[in-house]
Amino acid sequence: MKPACHPLPSGDRTMARMLTAAMEGAGHTVETASRFSSFDAAGDPGRQRRLAALGGGLAGRLLHRLQAGPPGGLPQVWFTYHLYHKAPDWLGPRVSRGLGIPYVAAEASHAGKQAGGPWADGHAAAASAIAAADRIFCLNSADTDGIRPLLADPARLVPLPPFIDTGPFRRAAVRREDLRLGLCSAHALDPAEPLLLAIAMMRPGDKLASWRLLAEALLRLENRRWTLLIAGDGPARSAVAEAFAPLAGRVVWLGQIDQDAVPDICAAADLYVWPAIGEAWGMTLLEAQAAGTPVVAGRAGGVGDVVGDGETGALVPVRCPEAMAAAIARLLDDPARCRTMGAAAAARIAARHDLAAAARRIDGALRELVGQGEVPG
């Protein structure tokens, strides 16, 4: 979709950077082969054909350049991230086949319902790439059923829980009270009032739908004490502001924040709230919990993989503002339970979703693959 060096923040970019950090932390050298993006948001067959032609040309030139280089300079593995019908991989299968090296992908997905639709070409190309993969790291359990039938050997599918570097978040959690007081002082807030937090890009589609649903849910809680902190920006900001206009005075707009500031803001909040419409799992759900902040989220995609319902937060039916409001209300009414969930959240994320554990799993799979000398068939 976009390279890890892309200037715009997103969960997708963060995960790409985490995968890179995991491989580098395990002693591997990671080089960006291309910044080409095959993403087609609109389902335009003509655009997909042009992207396929462009990708094929780039793959040919990249393969020629690598083959013409020094023999010891060839890569040992091709690694692609986020492969699906809207963003097929036009480079990796061809280059890896030409070099005789393993082809690996992470967070691939395949939905049969897309066959014959507006992304038919991308759907077919993604299926072909998945079938050619020597290993697929599956970050979202909801993708398993679609991927497994495409693989010649089910063992090529490797579960990999989504992960972050929990260190900055654990350090922020230790300073929770100071961070909370500092945030309240900076924005003239009452420290006794519960702080809700939502961090997300503001763009049309599922993100805007989530913002609107969150506003609708919170309108049902006007009689309770709370302040919502909103962090994020994007082309749909005016539409988001319009959705929250009836809650003027209850919302603090933080704007787009640097990644370095995320741990402190997460730790300062009492509850993270996000409807998660269309989310694969929700990077910010991991981050909030890592800082010891429980979450209320929609049970979409693989969100249930990263949030322990009733243990580290509450999961509610997607697109249901009534359920979202009720879950938030229950935790606002029970601060002790909220704190217990926060502690459980920090422990769970550190144990199951930390960078170090992911690095070991990725490293083991890659070294096994290269050691066996497997190559795409």
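The values are calculated or read from the model by the stated rules, or taken from the named source; none is laboratory data. This is a predicted model, so every value here is computed, not measured. Don't worry about glycine lacking a Cβ; one is built from the backbone with ideal geometry, like all the others, and counts go over all protein chains shown.
Step by step: first the residues of segment 127-169, then only those that are in contact with an Asp or Glu (Cβ under 8 Å, 6 or more places away or on another chain), among the charged types (D, E, K, R) and assigned to a loop (DSSP other than H, G, I, E, B), then the one that is surrounded by the fewest Cβ atoms within 10 Å (Cβ to Cβ). Which residue is that?
Ranking the candidates gives ASP165 first.
Does GLU222 satisfy being under 20 Å from the mean Cα position of the chain (by Cα) and part of a loop (DSSP other than H, G, I, E, B)?
no
Here is a check on your reading of the model: is ALA4 under 19 Å from the mean Cα position of the chain (by Cα) and not assigned by TED's automatic domain parsing to the domain that holds LEU139?
Against the criterion (under 19 Å from the mean Cα position of the chain (by Cα) and not assigned by TED's automatic domain parsing to the domain that holds LEU139), ALA4 qualifies.
Please state which of the following conditions ASN140 fails to meet, knowing it meets all the rest: (1) modelled with pLDDT of 95 or more; (2) touching a strand residue (DSSP E or B) at 6+ places or on another chain (Cβ under 9 Å); (3) within 24 Å of LEU197 (Cβ to Cβ).
Of (1) modelled with pLDDT of 95 or more; (2) touching a strand residue (DSSP E or B) at 6+ places or on another chain (Cβ under 9 Å); (3) within 24 Å of LEU197 (Cβ to Cβ), only one is false for ASN140: (1).
Output the qualifying pairs, or none if there are none: Cβ atoms under 6 angstrom, residues six or more apart or on different chains, first residue in segment 52-63 and under 11 Å from ARG94 (Cβ atoms), second residue among the basic types (Lys, Arg) and at pLDDT 95 or above.
ALA59/ARG94
Can you find, within segment 60-82, the residue that is surrounded by the fewest Cβ atoms within 10 Å (Cβ to Cβ) among those that are closer than 23 Å to ASP40 by Cα and more than 27 Å from the chain's Cα centre (by Cα)?
Looking at the filtered set, the residue picked out is ARG61.
Okay, residues lined up against (1) modelled with pLDDT under 95; (2) in a strand (DSSP E or B); (3) over 22 Å from the mean Cα position of the chain (by Cα); (4) closer than 25 Å to ALA192 by Cβ:
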| residue | (1), (2), (3), (4) |
| --- | --- |
| VAL262 | no, no, no, yes |
| ALA280 | yes, no, no, no |
| THR293 | no, no, no, yes |
| LEU315 | no, yes, no, no |
| ALA325 | no, no, yes, yes |
| LEU331 | no, no, yes, yes |
| CYS338 | no, no, yes, yes |
| ALA344 | no, no, no, yes |
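Exactly one of these conditions fails for GLY43: (1) over 29 Å from the mean Cα position of the chain (by Cα); (2) in a loop (DSSP other than H, G, I, E, B). Give me its number.
Against the list (1) over 29 Å from the mean Cα position of the chain (by Cα); (2) in a loop (DSSP other than H, G, I, E, B), GLY43 comes up short only on (1).
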